[in-house]
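Notes for the one structure printed next.
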Amino acid sequence: MKVSPSLLAANFADLKPQLQMINESEADYLHLDVMDGVFVPNISFGFPVLKSVSEVVTKPLDVHLMIVEPQKWVSQVRDLGAEIMNVHQEACVHLDRCIHTIHQAGMKAGVTLCPSTPVEMLRDVIHEVDLVLIMTVNPGFGGQEFIMHSLDKIRRLRALIDETGSKAMIEADGGVNGRTAPLLAEAGADILVSGSYVFKAPDPKACIRDLRAL
């Protein structure tokens, strides 16, 4: 299992030691949630903050844009040195074009689905994406209750990937903790995004190590 701790749950009054903890940990990525207060009912952080973070973190960046018109920000995400740019299916009128633009910028293309969006919406692009992020809570806030029927959604996505021969990985984000992580692993997730469970743990590096062992 790969692990992508979510910076949204970090203590921004004491951020650099937590970024150094991520560097020293077994985390595979650092997950960065960019929110605009329009697509989701919250605002997180913008590119000046992300630029500062990128200069400290040595892990690959997994950038999740919870914003309208994400295609306008491909070059800025690329300039962060991001490995993955993740956009919402619901926010992209021309999703195929956006995926190709991300690839042309040299990044892996991820597509995110909100809890109410069926996996079948990705059938015509599943062969093009590198990653599908299933939101296991409604996007916009950390610390929400895990939506249990997301497990069936991940199973359906795994079946679609297998049926089409896609190489896409499955990422799960929201309410990931010691109880839900094994269920997500069993359902077919490849990457777990975890915020509060990691950053508020007594030993975050041990928490990351335990998630990776699933």
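The values are calculated or read from the model by the stated rules, or taken from the named source; none is laboratory data. Values in this document were obtained by computation on a predicted structure and should not be read as measured data. Note that we place each Cβ from the backbone using ideal geometry, even for glycine, and neighbour counts take in every protein chain shown.
Numbers at a glance
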read-out	value
Criterion (surrounded by fewer than 18 Cβ atoms within 10 Å (Cβ to Cβ), of a type in the set (S, T, Y) and more than 24 Å from A168 (Cβ to Cβ)) met by exactly one of S25, S116, S52	S52
Output for region 114-128, where each listed residue is touching a strand residue (DSSP E or B) at 6+ places or on another chain (Cβ under 9 Å) and over 23 Å from E186 (Cβ atoms)	M121, V125, E128
Residues located in region 158-185, provided they are of a type in the set (D, E) and in contact (Cβ under 8 Å) with a residue 24 or more places away in the chain	E171, D173
Residue check, L95 at pLDDT 95 or above and either surrounded by 22 or more Cβ atoms within 10 Å (Cβ to Cβ) or touching an Asp or Glu at 6+ places or on another chain (Cβ under 8 Å) (or both)	yes
Qualifying residue in region 155-173 (condition: on the phi > 0 side of the Ramachandran plot, buried (at least 16 other Cβ atoms within 10 Å of the Cβ) and either among the β-branched types (V, I, T) or within 14 Å of the chain's Cα centre (by Cα) (or both))	no
Helices (runs of 4 or more DSSP H) lying entirely in region 30-110 (those with 3 or more residues that are over 17 Å from the mean Cα position of the chain (by Cα) and closer than 29 Å to K16 by Cα)	47-54, 74-79
Helices (runs of 4 or more DSSP H) (entirely within region 137-211) containing at least 1 residues that are farther than 25 Å from M35 by Cα and among the polar types (S, T, N, Q)	150-164
